[in-house]
Every structure is written in C-alpha cells, then in structure tokens.
1. Take the residues in region 29-78 that are of a type in the set (Val, Ile, Thr) and in a strand (DSSP E or B); name whichever of them is nearest to LEU89 (Cα to Cα).
2. Could you tell me which residue of region 67-91 is nearest to ASN27 (Cα to Cα), considering only residues that are of a type in the set (A, V, I, L, M, F, W, C) and without any contact (Cβ under 8 Å) to a residue 12 or more places away in the chain?
3. Checking ILE53 against (1) surrounded by 11 or more Cβ atoms within 10 Å (Cβ to Cβ); (2) over 16 Å from the mean Cα position of the chain (by Cα); (3) among the aliphatic types (A, V, I, L, M); (4) at pLDDT below 95, which single condition isn't satisfied?
4. Among the residues of region 1-28 satisfying the criterion of being hydrophobic (A, V, I, L, M, F, W, C) and surrounded by 11 or more Cβ atoms within 10 Å (Cβ to Cβ), which is modelled with the lowest pLDDT?
5. Mind checking which residues of region 56-78 are surrounded by fewer than 12 Cβ atoms within 10 Å (Cβ to Cβ) and among the acidic types (Asp, Glu)?
6. Just checking, which of ASP32, ASP95 is in contact with a strand residue (DSSP E or B) (Cβ under 6 Å, 6 or more places away or on another chain) and in contact (Cβ under 8 Å) with a residue 40 or more places away in the chain?
Amino acid sequence: MFGDLMGMMGKLKETQKKIEETKNRLNTVMVDESSTDGLLKISLTANREIKSIEIDNTLLEDKEQLEDYLVLTLNKAIDKATKVNEAELGAVAKDGMPNIPGMDFFK
C-alpha cells in the first residue's frame, strides 16, 4: 500500500517537473495572428506574452479603426495561444496522472 503511494507521489513530482518544462517551452512557441485584410499583425507566445505588433500606416489615420483592429486581432491571437497552451499542458498532465479508480479527470 505504501509502495503504491510512494510510487504515485514520485509520478506526481515527475509530472509537475514536466509541466514546468512545458511552460518554459511554451515561451518559445510563437502564435501569429493578422487582421482579415493584413493591416495588423500580432505575434505572441503560447503563454500569451505579446512579442510584436505590426501596424500598417493606413490604420494610423483613424484612431477608432485602429482600436477596433487591436481588440479584435488581440482577442483572436490570445484565443489561439490559449488553445495551444491548454492542449500542451493538458497532454502533459493527462500523461502523468496516476490511474486511480473513480478519478477520471482527463477523459
């Protein structure tokens, strides 16, 4: 019984280490998003840290339009990065969970 518990604890610690490694790796995974017409381009990491924003000069003439573009494109980019982040971390967590009957968290 205690051997099983110690084995589970070891596996959980190993999984935690893999999760931290994955989080660090996601800092290098880039997600790019553009407005539909390509006038605004945003790059961010899969951990949702903005790395660059490129704005076409034509957008600088209309403040409201630029703000709308930023909101829409940033939200799309963040959504895309979140999906990548959750998929990667979810896979690591699922792989590392011990098989405990009745604890089917990651189906």
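The values are calculated or read from the model by the stated rules, or taken from the named source; none is laboratory data. It should be emphasised that the depicted structure is a prediction, and the values quoted were computed from it without experimental measurement. Here the Cβ is made from the backbone with ideal geometry for all residues, glycine too, and neighbour counts use every protein chain on show.
1. At the first step, the residues of region 29-78 found to be of a type in the set (Val, Ile, Thr) are 29, 31, 36, 42, 45, 50, 53, 55, 58, 71, 73, 78.
Pick out the ones that are also in a strand (DSSP E or B) and you get 31, 42, 45, 50, 53, 55.
Numbers: VAL31: 16, ILE42: 23, THR45: 14, ILE50: 20, ILE53: 26, ILE55: 32 Å.
Top of the filtered list is THR45.
2. That would be ALA87.
3. All conditions are met except number (4).
4. Our first condition is that a residue be hydrophobic (A, V, I, L, M, F, W, C); within region 1-28, this holds for 1-2, 5-6, 8-9, 12, 19, 26.
Retained after the next criterion (residues that are surrounded by 11 or more Cβ atoms within 10 Å (Cβ to Cβ)): 8-9, 12, 19, 26.
Numbers: MET8: 69, MET9: 74, LEU12: 78, ILE19: 87, LEU26: 93.
Result: MET8.
5. Of everything in region 56-78, those that are surrounded by fewer than 12 Cβ atoms within 10 Å (Cβ to Cβ) and among the acidic types (Asp, Glu) turn out to be GLU61, ASP62, GLU64, GLU67.
6. Details: ASP95 fails: in contact with a strand residue (DSSP E or B) (Cβ under 6 Å, 6 or more places away or on another chain).
Answer to the selection: ASP32.
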